[in-house]
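The values are calculated or read from the model by the stated rules, or taken from the named source; none is laboratory data. Nothing here was measured: the structure is a model prediction, and the numbers come from that model. Here Cβ is always computed from backbone atoms with ideal geometry, including for glycine, and neighbour counts include all displayed protein chains. With ligands, DNA and RNA removed, areas are computed over all heavy atoms of the protein, side chains included. Shrake-Rupley method; radii C 1.70, N 1.55, O 1.52, S 1.80 Å.
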Amino acid sequence: MTTTARPTGPTRAQGATVWLTGLPSAGKTTIAQLLGDRLRSEGHRVEVLDGDEIRRFLSAGLGFSREDRNTNVQRIGLVSEVLARNGVLSVVPVIAPYADSREAVHKRHDASGTPYIEVHVATPVEVCSERDVKGLYARQAAGRLTGLTGVDDPYEPPEDPALILRTQDQTPEESADAVYAVLAERGLV
């Protein structure tokens, strides 16, 4: 009598969080969208948790005080960790200006054994101001906006990110490819 091994069901894909932090107009969302598109085209389960969308819906009502910014980052970090823990590649383009907030998100991932990759989109404020995708720098310069991260509110760069992207020196596609390479190096794609 021969026995046939029965399939045990699909294997669960490895999830991870790719946390893209940097100043407004640094290129975080563009890179995240390009990376997400590439990963989806390869059949990966992917969610891009855009900071602006999260703030409009999940964090509606929060302001821009340090406490509110921390609450926003922790909410995004929780959603990302839950997705990643369940086999989704979660790509998170958010400013997340404070090191302690990002560290708390990292610790949440560590506690669940979920891969977390921090990427610093290290575009200089002068370049971000020229890009000014949302008109924030112009509004700040005209006196119609205060608390702009990197201008009149602090941004604490990551001390030891997995990757530093200098978007002023490379195309968005090259930046997305560099993030993909880190995922590949860690066996996540």
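Data for the structure
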item: Percentage relative contact order, the range 1-131, counting C-alpha pairs under 8 Å, at least six apart; result: 44 percent
item: For the chain, size of Cβ-based charge dipole, Lys and Arg +1, Asp and Glu -1, in debye; result: 780 debye
item: Part-to-part distance (alpha-carbon centres) for the range 16-89 and the range 162-189, which is given in Å; result: 17 Å
item: Calculated over the range 1-123: convex hull of Cα atoms, volume per residue (Å³); result: 118 Å³
item: For the range 108-160, convex hull volume per residue from C-alpha positions, Å³; result: 117 Å³
item: Once the Cα gyration tensor of the range 132-187 is diagonalised, semi-axes √(5λ) in Å; result: 31, 15, 8
item: Rounded accessible area of residue 52 (nearest 10 Å², 1.4 Å probe); result: 70 Å²
item: CD proxy at 222 nm, helix term only [per DSSP H run n ≥ 4: -39500 (n - 2.57); per residue of the chain; nearest 500]; result: -13500 deg cm²/dmol
item: Relative contact order [Cα under 8 Å, 6+ residues apart], the range 64-189, whole percent; result: 25 percent
